[in-house]
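Colleague: There's a structure below that I have some questions on.
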Amino acid sequence: MLLNNIQEVRDEVRKWRKDGLTIGLVPTMGALHAGHVSLIKKAKETCDKVVVSVFVNPIQFGPSEDFDKYPRTLDNDTELCDNEGVDVVFAPSAKEMYGEGQRLSNDVLTYVCPPFFYVNKLCGRTRTGHFDGVCTVVLKLFNIVQPDYAFFGQKDAQQVVIVNKMVNDLNVPVKIIQCPIVREDSGLALSSRNKYLSDEGKKDALVLSRILNNIKACYKKGITDVNALKETAYSFLNNHHELEYLELMNKYTLEEQEKADNSTIALIACRVEGVRLIDNIYLED
Ligand code: PAF
């Protein structure tokens, strides 16, 4: 069932609650791919009822980012959700979520602003305000759907850490379930932004997973010095790649590390054909 209206979602959820059913939310910006399908399948396994939200959230995009050209494929998304047995696709307009003109007048919206420590690194360093926009919309979705469980992909590792922090700090009664990254056979992590890449670009984009796999292999061979691990990346890069960051951090706290250990995640962001791609890997599973 496709719903665009907050009140309709609340009414539907209220009926489910009355019947004692558990509810799962998969928040998305649409352009659904196999990565999203894995979240939906996990939600179906875990919960009686599943809501998928499809909303390209204007307040998490910076002025020079790809909000206008972000792929919007609601018909396909709805069909895919139907095939997966999703109970409600919630696809509100920006006006429904934020009211008229909200995007231009941030001062009238109450934002959820995660701590500087978590946002002043990785994607947050170049995407000013991005995680304020993410946390604000995610908390709104939690308040609208009131799910027992919410499902997020590990590909956006910083997002999952920050959403967990918000949920703990603000006592939001939802359990966050992180699901593994889904990759093409080539190793490329699935992303809605892969649609922007040419065939050549897709080949160049393999550099992200290659760098990460190589770091993990070096770690497994006994190299733990983080600088030495990072240096192994440079031989993979050429002038088709604009590396934005490569970091090794504690996967729960995003603290930087000098020595890698069983808590370490390696994270990378790199532009290929101007498309900003991210990926990450745990050095131990
Ligand atoms: O990961 C995403 O697609 C978005 O950041 C989210 C969580 C749906 C919030 O808009």
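Colleague: Between 72, 127, 17, where does the largest GNM mean-square fluctuation fall for the chain, given springs only between Cα atoms within less than 10 Å?
Modeller: Per the Cα network of the chain with a 10 Å cutoff, 17 tops the list.
Colleague: Whole number please: convex hull volume per residue, Cα atoms of the stretch 222-285, in Å³. Provide the component values of the computation, followed by the final result.
Modeller: Working: hull volume 5.6 nm³, N = 64.
Expressed per residue, the convex hull around the Cα atoms of the stretch 222-285 is 87 Å³.
Colleague: Same structure again: Once both axes come from the Cα atoms, what is the angle between helix 74-83 and the longest principal axis of the chain, in degrees from 0 to 90, rounded to 10?
Modeller: Relative to the chain, helix 74-83 is tipped by roughly 80 degrees.
Colleague: Could you give the C-alpha radius of gyration of the stretch 1-111 expressed as a fraction of 2.2 N^0.38 Å, taking N as the number of residues it contains? Could the numbers behind the result be given before it?
Modeller: Details: Rg = 15.0 Å, N = 111, 2.2 N^0.38 = 13.2 Å.
Normalised Cα radius of gyration, the stretch 1-111: 1.14.
Colleague: Whole-Hz Karplus ³J(HN,Hα) for the stretch 6-13, in order, using 6.51 cos²θ - 1.76 cosθ + 1.60 and θ = phi - 60°, x for Gly and Pro?
Modeller: Coupling constants for the stretch 6-13: 4, 5, 5, 5, 4, 5, 5, 5 Hz.
Colleague: Averaged per residue, what accessible area in Å² does the stretch 204-259 show with a 1.4 Å probe, protein chains only?
Modeller: 56
Colleague: Explain nothing, just compute: Karplus ³J(HN,Hα) = 6.51 cos²θ - 1.76 cosθ + 1.60, θ = phi - 60°, for every residue of the stretch 264-272 in order, whole Hz, x for Gly and Pro.
Modeller: Here the 3J(HN,Hα) series is 7, 10, 9, 10, 9, 10, 8, 8, 10 Hz.
Colleague: When ligands, DNA and RNA are left out and all protein chains stay put, how many square angstrom of accessible area per residue does the stretch 1-95 have with a 1.4 Å probe? Before the final figure, lay out each step's value.
Modeller: Values: 4460 Å² over 95 residues.
Accessible area per residue: 47 Å².
Colleague: Related question: Could you look at the chain and say what percent of its accessible area is carbon and sulfur, using a 1.4 Å probe and all protein chains?
Modeller: On the way: 6460 of 13650 Å².
Whole-percent figure for carbon plus sulfur exposure: 47.
Colleague: Filter the cross-link list 69/95; 42/220; 15/175; 69/175; 195/220 down to pairs whose alpha-carbon distance in this structure exceeds 25 Å.
Modeller: Numbers: 69/95 19 Å; 42/220 30 Å; 15/175 21 Å; 69/175 32 Å; 195/220 34 Å.
Those over the limit are 42/220; 69/175; 195/220.
Colleague: In addition: Using a Cα-Cα cut-off of under 16 Å, which lysines could be cross-linked to residue 216, ignoring same-chain neighbours fewer than 8 residues away?
Modeller: Qualifying lysines at Cα under 16 Å: 230, 251, 259.
Colleague: Which whole-number percent of Cα pairs in the chain have a distance greater than 30 Å? Spell out each step's value before the answer.
Modeller: Working: 12684 of 40470 pairs.
For the chain, the fraction of Cα-Cα distances above 30 Å is 31 percent.
Colleague: Write down the percent of antiparallel bridges among all DSSP beta bridges whose residues are both part of the chain, to the nearest 5. Numbers along the way, then the final one.
Modeller: Numbers: 20 of 38 bridges.
If I count the DSSP bridges inside the chain, around 55 percent turn out antiparallel.
The values are calculated or read from the model by the stated rules, or taken from the named source; none is laboratory data. Fair warning: this is a prediction, and the values are worked out from it, not measured in the lab. Quick note on the areas: whole protein, heavy atoms, side chains included, nothing else; ligands and nucleic acids left out. Shrake-Rupley method; radii C 1.70, N 1.55, O 1.52, S 1.80 Å.
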